[in-house]
Amino acid sequence: MSNIPKQYAPSGVEKKWYDSWIENGYFSSSPDERPPYSMVIPPPNVTGVLHMGHMLNNTIQDVLVRRARMQGFNTLWLPGTDHASIATEAKVVNKLREEGIDKKKLSREDFLHHAWEWKEKHGGIILEQLKKLGASCDWDKTRFTMDDMLSDSVIRVFIDLYEKGLIYRGVRMVNWDPKALTALSDEEVIHKEVQSKFYYLSYHIQGSEETVTIATTRPETILGDTAICIHPEDDRFRHLIGKKALVPLINRPIPFILDEYVDREFGTGALKVTPAHDINDYNLGIKHNLPSIDIFNDDGTLNEKAEILIGEDRFVAREKISRELEAKGHLIKVEEITNSIGYSERTDEVIEPKLSLQWFLKMDVLAKPALDVVMNDTIRFHPPKFKNTYKHWMENVRDWCISRQLWWGHRIPAYYLPDGQIVVAESPENALIMAREKYDPELKDTDLKQDEDVLDTWFSSWLWPISVFDGISKPDNEEIRYYYPTNDLVTAPEILFFWVARMIMAGIEFRNEIPFRNVYLHGIVRDKMGRKMSKSLGNSPDPILLMDRYGADGVRVGMLLCSPAGNDLLFDESLCEQGRNFCNKIWNAFRLIQGWEVDEKLSPSQESNTATEWFEANLNRNLEIIEDHYTKYRIADALMTVYKLIWDDFCSWYLEMVKPAYQQAIDAPTYRKTIEFFNKLLRVLHPFMPFITEEIYQEIKNDHDWESITIAEMPGYEKHDKAIIDQFDFAKLVIVALRNLRQEKNIPQKEKMDLFIKKNHQQSPDITFDGIVKKLCNIGHLDYVTEKPSGVHSVIVKSTELLIPLDANVNIQEEEERLKAELKYQQGFLAGIEKKLSNEKFVNNAPENVVALEQKKRQDALAKISVIQEQLRNLQK
């Protein structure tokens, strides 16, 4: 005991064992004869630092991986980072600005030199932080989405899809980010409900004194109007057919067009059509062959096509044009409304719908098989409720805009010839060969110009489970054949389409096989008030500081205790404290056991034999429950079962049953059995709390045990005696009732009590745990009686009466009042049960075991009421 610290100190322990695990290669994997278990990390942005979402996501992954490793699988948890085009480029641009360097004055090569320099300096921070959490990744296999191997995969896939006719280039309405100066896919746009103004504007009819009123939230875009649309059945505007309206301030004549798209009840019923700046207007423009006037520069300022306010920012222009419209009599009124506005996920800039020449990937062909494998459970979602969300997205999928107007990323392998032809090739050299063969043998390399854009970051991420194993370039290599498809993917629902759906598409398209078998979807980490964690709210704790304060094990447990699959996690720091307290509980149990003196000559007592028999059965019952939770991906439930098994069953009950009396020794068989139980419990707990379990395991393991708990065998459940579990459940109620009585009557624990037990309803005494009841409740004499002695205090457990002689006479009036109160409670409880069982819908539809449980509750309540009524009759004699 002198060598065991009183307090568990996680900081020294965590570093010691993590370094040991790495040094011994426990996390390393290469193909062999064992069955594989593989998982790829959702690659965090290379710009990122650890936040609470990462903590939850990677803790869940580590639990699954560590458990699989202990089950004998050849486990690979492959880590890596994402190059994050928009976020990284923004970081580098800001860094250069601070150094007085303007990106626009740099060549592409010079900028990329700065970007790679930044990546090498900052790109590994988050992975190092994951090590502090205990992440058991194979760090030797760390990947980066712009590694040569992965980049080669991206280029090959682009070429393949282009040659299949699935990638095309065209002018389309895109989501434009005026801050990042790039197009975004629909999935990169976050819609927010905001307060806006609804401007009612008057347009003069050409050659007439008449006007028509339209309503818009964006008065600056009238400068790009090319028509006014009215419903063909709207009699209010029928007389305007064939006439033209004049755009306010610039007097451009625009026609009236008819289309059923117009909602006659919204606004004024007359709709301004601006094909260059609204997706619905764009579709109307195509249908009615309208011109398109793009009035915005890429940075959101007005260009010369606007005719006025040239160079002004779009929001400044809105304020200025509204004042001018009012001054010239065109502004009728302004209403306050709430509407949905699209924001860039990366920069939080208001999105500008913009016509742009971009590269697109056709999605409908890819989506169909990817939908089927989820709906038929070839790939299982946990929880399955997200299948409906997935189905909706996949049935309404739109072509994916895959080009981005950036320099950091995978440059599009398209090359333009002087006459406008395009060749797509892996390299400039191959492009020149293709161009000469296809178009002109005299072409020079200087005649070819590569596309300036890069591919969307997700275009590399969707290949992640394949490209990390080089499965695109070398489709039959040993690693891809062994590790693919992976077993589990742990991620968040908000990237279900961004990433999960696209990986499924890519897996089927390029491997003709799903990329993973199970998808575990966890919720968003929120504060205890339900708010999403953010820097601006100041409600997001630093995970590193949390681990410094509570230990990595404590934080892991704190995160998982409140994280049911698919539901948001309401994080409260007190949960980490609970996790730390659990560490201390385990540590104190270790110190208690190690402090016992062992006597090899002693034989086990009957009480010790009963205790070990009960805990053996109870352990196996719980191992079966834990296995079921894992099978159903109820990770939080698995942890809670382990938590209660250790805290309640082992520490609070079993150790108290077998603990030797003060300054007495424990018999060797019971001690060895206790160490065996503790060893198993540590192994079951290890995936959740890797550090403290390794620290204690090393102290209690035998010579023939595994050298590290990391690679020790995960205990499986065996057949067990359910009867002894039920017997102790009743004994536990007896012990709790007697302890409560001591407290209620202020009877010191050291003072022995006598106990008479009266069984009712022809029940036979069960003496299995009588010795333990006597030990834990300090009972001097225990006997079974058929008649209630006088001068005793009674406690009822189910239908059994516990009768305790007290020194003072029992107060008849107080005892009668207590029994009447208990009778009233039991009758109310019974009424609730009767109501439920009289409900045919409940009885017919509830699971059989649930109905059986309610029926048992009724029987127990009836028996208890009968005993209380008998006691009242005896008091009143």
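The values are calculated or read from the model by the stated rules, or taken from the named source; none is laboratory data. Bear in mind that the values here come from a model prediction, so they are computed numbers and not experimental data. For neighbour counting, all protein chains shown are included, and Cβ atoms are generated from backbone atoms with ideal geometry for every residue, glycine included. These accessible areas exclude ligands, DNA and RNA; they are computed on the full protein's heavy atoms, side chains included. Shrake-Rupley method; radii C 1.70, N 1.55, O 1.52, S 1.80 Å.
Couple of notes before you dig in:
- Complete set of residues in segment 559-581 that are open to solvent by less than 30 Å² (accessible area, probe 1.4 Å), assigned to a strand (DSSP E or B) and more than 12 Å from Thr59 (Cβ to Cβ): Phe571
- Unmet criterion (only one of (1) within 28 Å of Leu184 (Cβ to Cβ); (2) in contact (Cβ under 8 Å) with a residue 40 or more places away in the chain; (3) open to solvent by 80 Å² or more (accessible area, probe 1.4 Å)) for Thr347: (3)
- Residue satisfying all of: in segment 38-74; among the polar types (S, T, N, Q) and either over 17 Å from Thr710 (Cα atoms) or assigned to a helix (DSSP H, G or I) (or both); modelled with the lowest pLDDT among these: Thr47
- Selection count where residues are over 15 Å from Lys680 (Cβ atoms) and either touching a residue at least 40 places away in the same chain (Cβ under 8 Å) or in contact with a Pro (Cβ under 9 Å, 6 or more places away or on another chain) (or both), scope segment 615-636: 6
- Residues of segment 752-786 that are within 24 Å of Val658 (Cβ to Cβ) and either open to solvent by 80 Å² or more (accessible area, probe 1.4 Å) or part of a helix (DSSP H, G or I) (or both): Lys752, Ile767, Asp770, Gly771, Ile772, Val773, Lys774, Lys775, Leu776, Cys777, His781.
- Residue match in segment 497-508 (condition: within 16 Å of Asp82 (Cα to Cα), among the charged types (D, E, K, R) and either open to solvent by 20 Å² or more (accessible area, probe 1.4 Å) or in a helix (DSSP H, G or I) (or both)): yes
- Reported count of residues in segment 452-472, each being more than 18 Å from Pro79 (Cα to Cα) and surrounded by 17 or more Cβ atoms within 10 Å (Cβ to Cβ), is 6.
- Annotation: of all residues in segment 424-480 being of a type in the set (A, V, I, L, M) and assigned to a loop (DSSP other than H, G, I, E, B), the one that is farthest from Lys164 (Cα to Cα) is Leu443.
- Scanning segment 518-525 turns up one or more residues that are open to solvent by less than 50 Å² (accessible area, probe 1.4 Å) and either part of a helix (DSSP H, G or I) or of a type in the set (S, T, N, Q) (or both).
- Failed item in (1) modelled with pLDDT under 95; (2) surrounded by fewer than 16 Cβ atoms within 10 Å (Cβ to Cβ); (3) among the aliphatic types (A, V, I, L, M), with Ala180 passing the rest: (2)
- Within segment 288-317, the only residue that satisfies the criterion of being under 29 Å from Asp259 (Cα atoms), in a loop (DSSP other than H, G, I, E, B) and small (Gly, Ala, Ser) is Ser292.
- Residue count for segment 298-336 satisfying the condition of being open to solvent by less than 60 Å² (accessible area, probe 1.4 Å), under 21 Å from Thr268 (Cβ atoms) and not charged (D, E, K, R): 6.
- Residue in segment 407-414 that is touching a Phe, Trp or Tyr at 6+ places or on another chain (Cβ under 8 Å), part of a strand (DSSP E or B) and either in contact (Cβ under 8 Å) with a residue 24 or more places away in the chain or surrounded by fewer than 20 Cβ atoms within 10 Å (Cβ to Cβ) (or both) present: yes
- Output for segment 679-688, where each listed residue is within 28 Å of Asp599 (Cβ to Cβ) and buried (at least 23 other Cβ atoms within 10 Å of the Cβ): Leu681, Leu682
- Selection count, segment 1-37, where residues are polar (S, T, N, Q), modelled with pLDDT of 95 or more and not in a helix (DSSP H, G or I): 4
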